[in-house]
Amino acid sequence: MTGRFAPTPSGDVHLGNAFCYLLAWLSARRQGGQVVLRMEDADQPRTVPGSIGQTLEDLRWLGLDWDQGPEDGVPVPAWFQSARTAVYDRCLEELKKRKLAYPCYCSRADLKLASAPHAGDGHAIYPGICRNLTEAERAQKNRAPAWRLEALDTEIAFADGLQGPVRLNLAWEWGDFPIRRADGVYCYQFIAALDDALMGVTEVVRSRDLLLSTPPQLYVQRLFGLPEPRYVHIPMLLDSKGARLAKRRGGLSLVQLRQRKSPEEVVGALAYLAGLQPRPEPRTAASLTADFSWDRVPREDVLLPEGLL
């Protein structure tokens, strides 16, 4: 069994990230498994200088270790998405040969004018504007294309480890999705699916706002005949007013918390919010392992009580 951490180094680790990392680590260790740490830094302009080192330090401060991944001062390109472009290039070329990937010249304005319907999670379903362009029509375009993966009319079903059964028709409820942007940056759905399978990850623990990202990722894995991980989508940690904790919103960061709280206090509070103990008493991550069970973790989003941390 292999779990994983997959931080995006675009800012400080916030409490919601830590909530997810703790549960992923506990699940893996409870099963006697390993943990892989992968830096999802494919979009280099979003990478904040110093955030990779700070993320490693924050994970260690919480008492969360990993078995494979980058270490301070030791470059390990295999664990950075920014160093795996050749892998993604090969996979894209295979999809081109199979006539499943096509160039898309649409701008954001084009997509807005198309008034595409929206799926349940709010993303726009691509209306297929560029799917059937002829070679002559493509030759007339004067901009670099993005690349999209054609979503075949197929149903993707899976049993989430916490949220239960999920079933989605890829063509009608998701649509053709981008796998590489026009600037050459590969997109999340494509490379997360590839990396999880190629790195031997057997359990993916992440926030439930990514629940509907799973069918397109399973689709990618199935197209390449890759093994499929078990997915567990945990509740989002919200502030006391119900707003999502996020880096762009300045959510509670571990950098801030470390100035006034011990790691045991933070882990204990997170364990309380996750239903793993009745009170927010200080705990180490290791001390929670023996009694960890997904049966105790809530399925709905969790409010962070005012003054808890």
- Task: Answer yes or no: is there a residue in region 221-233 that is surrounded by 20 or more Cβ atoms within 10 Å (Cβ to Cβ) and modelled with pLDDT under 95.
- Result: no
- Taking only region 70-100 into account, find how many residues are in a loop (DSSP other than H, G, I, E, B) and at pLDDT 90 or above. 4
- Task: Please work out if Arg249 is farther than 10 Å from Leu26 by Cβ, open to solvent by 10 Å² or more (accessible area, probe 1.4 Å) and at pLDDT below 95.
- Result: yes
- Note on the structure: Scanning region 37-59 residue by residue, those touching a residue at least 60 places away in the same chain (Cβ under 8 Å), farther than 20 Å from Met199 by Cβ and open to solvent by less than 40 Å² (accessible area, probe 1.4 Å) turn out to be Asp58
- Message: Restricting to region 151-209, and then to whatever is open to solvent by 50 Å² or more (accessible area, probe 1.4 Å) and part of a helix (DSSP H, G or I), can you tell me which residue is farthest from Leu22 (Cα to Cα)?
- Response: Trp172
- Mind checking which pairs have a first residue in region 211-235 that is closer than 26 Å to Ala271 by Cα and a second that is among the acidic types (Asp, Glu) and buried (at least 22 other Cβ atoms within 10 Å of the Cβ), Cβ under 6 Å, 6 or more apart or different chains? Pro229/Asp196
- Task: Find all pairs meeting these conditions: Cβ atoms under 6 angstrom apart; at least six residues apart or on different chains; first residue within region 167-192 and free of Cβ contacts under 8 Å to residues at least 12 places away in the same chain and within 20 Å of Leu226 (Cα to Cα); second residue open to solvent by less than 10 Å² (accessible area, probe 1.4 Å) and hydroxyl-bearing (Ser, Thr, Tyr).
- Result: none
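For region 280-304: of the residues being in contact with a Leu (Cβ under 8 Å, 6 or more places away or on another chain) and part of a helix (DSSP H, G or I), which is most open to solvent (accessible area, probe 1.4 Å)?
Going residue by residue through region 280-304, those that are in contact with a Leu (Cβ under 8 Å, 6 or more places away or on another chain) are 280, 285, 288-289, 291-292, 294, 296-297, 299, 301-304.
Next, only the ones that are part of a helix (DSSP H, G or I) stay: 285, 288, 294, 296.
Numbers: Ala285: 3, Leu288: 9, Trp294: 31, Arg296: 100 Å².
Top of the filtered list is Arg296.
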- Item | Lone unmet requirement of (1) of a type outside the set (Gly, Ala, Ser); (2) farther than 21 Å from Gly32 by Cβ; (3) modelled with pLDDT of 95 or more; (4) open to solvent by less than 30 Å² (accessible area, probe 1.4 Å) for Leu257 | (3)
- For region 260-275 the number of residues that are touching a residue at least 60 places away in the same chain (Cβ under 8 Å) and either under 23 Å from Leu162 (Cβ atoms) or open to solvent by 70 Å² or more (accessible area, probe 1.4 Å) (or both) is 6
- Message: Tell me yes or no: at least one residue of region 231-248 is of a type in the set (Lys, Arg), closer than 29 Å to Arg143 by Cβ and more than 11 Å from the chain's Cα centre (by Cα).
- Response: yes
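The values are calculated or read from the model by the stated rules, or taken from the named source; none is laboratory data. All values derive from a computational prediction rather than experimental measurement. Here Cβ is always computed from backbone atoms with ideal geometry, including for glycine, and neighbour counts include all displayed protein chains. Remember, those area values only see protein heavy atoms, side chains included, never the ligands or the DNA or RNA. Shrake-Rupley method; radii C 1.70, N 1.55, O 1.52, S 1.80 Å.
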